[in-house]
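Here the structure is laid out as structure tokens; the discussion comes afterwards.
The values are calculated or read from the model by the stated rules, or taken from the named source; none is laboratory data. Because the structure is predicted, anything quoted here is derived from the model rather than measured. Note: ideal-geometry Cβ built from the backbone for every residue, glycine included; neighbour counts use all protein chains shown. Quick note on the areas: whole protein, heavy atoms, side chains included, nothing else; ligands and nucleic acids left out. Shrake-Rupley method; radii C 1.70, N 1.55, O 1.52, S 1.80 Å.
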Amino acid sequence: MDHYVVFGNPIAHSKSPLIHTLFAEQTGQQMLYATQLAPLGDFAQCAQAFFQRGLGANVTVPFKEDAFRLCNELTPRAQRAGAVNMLSALPGGRLHGDNTDGVGLVRDLTVNAGVALKGKRILLLGAGGAVRGVLEPLLAEGPASLVIANRTVEKAESLARLFADLGPVAASGFDWLEESVDIIINATSASLAGDVPPIASSLIAPGVTVCYDMMYGREPTPFCRWAEAHGAALCLDGFGMLVEQAAVAFTHWRGVQPDTAPVLAALRAQLVLG
Ligand code: ATR
């Protein structure tokens, strides 16, 4: 049987095995997909042991940079991101790395939610690994502007410099921004502490601005509650992005594209009710 895993620490609550198992059932693929806890500081050895037999792996927090360093071959978007969330076995024990987070986000926004990004003013909150992973695919959609706002402004500035050749990207502090934008994407980890990044509510044009939180949970996230309270046209959480990035990996590994809509609906019901 073909083996796949998702590496992380912690990893027990990962939804990836369920997502890939549903994709496999839907497309008639014979494969096993499990979680694999990697010890902190020992990712390389753990991954190498898995790839003695395994065909592919997803990689989540905190190993995406370790996975990047392990690859013999990288896609341009993974190279740019400096982080890999998907590893595939190549002949001769070599490893191919990709970063499918950004495509997952873009597909969730454009295909699932029908929100076009071309010509839009996008505000991206945060400047950590999550932002690095999505900048290239977001800029590839041709927004009118993309502002990276972060608590530590220097980090936003260095990311803006790094991606400047790919489109109209700029950096900002949270409190420098007032004028409304079309799309606000929260890629900070503030939700983990129940916080919302301190941005002005005037950034939301009521009934127009679309908000997206890369986090998700059983309940609406603090950022989604904030967005709704200030009249956002729509606020989506990151569950669709998770399923879409998995679909990109599944398609690469198995050569068949799963239909994400029924999987998203089934898992969303389980997330809310389960
Ligand atoms: P990830 O891989 O999820 O991006 P990270 O690299 O640790 O994680 O980055 C976390 C991001 O969330 C950073 O942009 C961080 O801001 P700083 O660079 O100033 O540290 C941001 N962040 C975390 N907690 C926050 C909070 N309470 N308010 C605003 N931003 C927060």
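Out of the stretch 26-63, which residues are open to solvent by 50 Å² or more (accessible area, probe 1.4 Å) and closer than 19 Å to residue 100 by Cα? Don't jump to the end; show me each part of the working.
Step one: filter the stretch 26-63 for residues open to solvent by 50 Å² or more (accessible area, probe 1.4 Å), giving 26, 28, 30, 32, 35-37, 39-42, 45, 48-49, 52-53, 55, 61-62.
Matches in the stretch 26-63: 35, 55, 61, 62.
Residues in the stretch 176-190 that are surrounded by fewer than 22 Cβ atoms within 10 Å (Cβ to Cβ) and either in the same structural domain as residue 15 (by TED's automatic domain parsing) or farther than 20 Å from residue 114 by Cβ (or both): how many?
Qualifying residue count, the stretch 176-190: 7.
Name the residue, out of 57, 67, 34, that is in a helix (DSSP H, G or I) and either hydrophobic (A, V, I, L, M, F, W, C) or under 23 Å from residue 2 (Cα atoms) (or both).
Within the list 57, 67, 34, the selection yields 67.
In the set 263, 210, 256, 196, which member is touching a Cys at 6+ places or on another chain (Cβ under 8 Å), open to solvent by less than 50 Å² (accessible area, probe 1.4 Å) and not hydroxyl-bearing (Ser, Thr, Tyr)?
210
Within the stretch 235-256, take every residue that is more than 19 Å from the chain's Cα centre (by Cα) and outside any helix (DSSP H, G or I) and give me the one that is farthest from residue 90 (Cα to Cα).
From the stretch 235-256, those more than 19 Å from the chain's Cα centre (by Cα) are 254-256; that's our starting set.
Of the ones still in play, those that are also outside any helix (DSSP H, G or I) are 255-256.
Numbers: 255: 15, 256: 19 Å.
Among those residues, the one meeting the criterion is 256.
For the stretch 158-166, does any single residue satisfy the condition of being within 16 Å of the ligand (Cβ to nearest atom), assigned to a strand (DSSP E or B), open to solvent by less than 10 Å² (accessible area, probe 1.4 Å) and outside the structural domain of residue 57 (by TED's automatic domain parsing)?
Just the residues of the stretch 158-166 that are within 16 Å of the ligand (Cβ to nearest atom), to begin with: 158-163.
Add one more test, that the residue is assigned to a strand (DSSP E or B), and what stays is none.
For the stretch 158-166, residues within 16 Å of the ligand (Cβ to nearest atom), assigned to a strand (DSSP E or B), open to solvent by less than 10 Å² (accessible area, probe 1.4 Å) and outside the structural domain of residue 57 (by TED's automatic domain parsing): absent.
Pick from 173, 126: which is open to solvent by less than 50 Å² (accessible area, probe 1.4 Å), within 16 Å of the ligand (Cβ to nearest atom) and free of Cβ contacts under 8 Å to residues at least 40 places away in the same chain?
173
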